[in-house]
Amino acid sequence: MTESAPLSSPGAEAIVKRIVDVINAARPMPLSTSVMISRDEVLELLEAALNELPVEVREARWLLKEREELLMKARVDAGLVIEEARTRVAQMIQKTEVVRGAERKARQLLDQAQAQARRRSHEVDDYCDRRLEQFELALSGVQETVAQARLKLQPSVPSEPNELTQDEESADSNAGFFDQDDD
């Protein structure tokens, strides 16, 4: 017999070796490859081996059952880990999409604010230009009035000594009314 893993009970192994020895020592049958063994002897040895094996068999079954339970638990745990990873990936993708959406919205708001600022800047420039134009027209009118008043103030020489110009006549007629120079 080849060497196999030792059983936990040395008695069971010894019984199995005796069964192998009985079979090897059995007498061959004439004109056949079969051998004659003592039925009672082999049955007795097998029963003794069975009586020795139940502990090992139970331990082996328990180990197999435990192995299956561990494999099932590992599969369940792996499934949970995979599902959690998928959920996290989905959340990250969703957060990424939310961030992208927020960035897009921020760019839109910034563009709108800049456009509104440019529009208002142009409106302010147009308003100031209109007001300056009105001021320029008003100043032009004041300038003309000042120029005309200065012309009136300049002494004019009449061509004939007794002829007064129209401006001088109006100045003479108002001379009694407003005369600051006369003290």
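Kindly state, as a whole number, the per residue volume in cubic angstrom of the convex hull around the alpha carbon atoms of region 7-52.
Per-residue hull volume (Cα only) is 61 Å³.
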Worksheet item: For region 1-151, what is the per residue volume of the convex hull drawn over the alpha-carbon atoms, in cubic angstrom?
Response: 226 Å³
Worksheet item: What is the distance, in nm, between label points placed 7 Å from the Cα along the Cα-to-Cβ direction at Leu151 and at Gln108?
Response: 6.6 nm
Worksheet item: Which of the lysines could a cross-linker span from Lys65 if the Cα-Cα distance has to be under 28 Å and same-chain partners fewer than 8 positions apart are dropped?
Response: Lys73
Fill in: Principal axis dimensions, region 57-119 - Cα atoms, whole angstrom, descending
91, 7, 5
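Taken together, the values in this text are just the output of simple stated rules run on the coordinates, not laboratory data. It should be emphasised that the depicted structure is a prediction, and the values quoted were computed from it without experimental measurement. In this analysis, Cβ positions are derived from the backbone assuming ideal geometry, glycine residues included, and neighbour counts consider all displayed protein chains.
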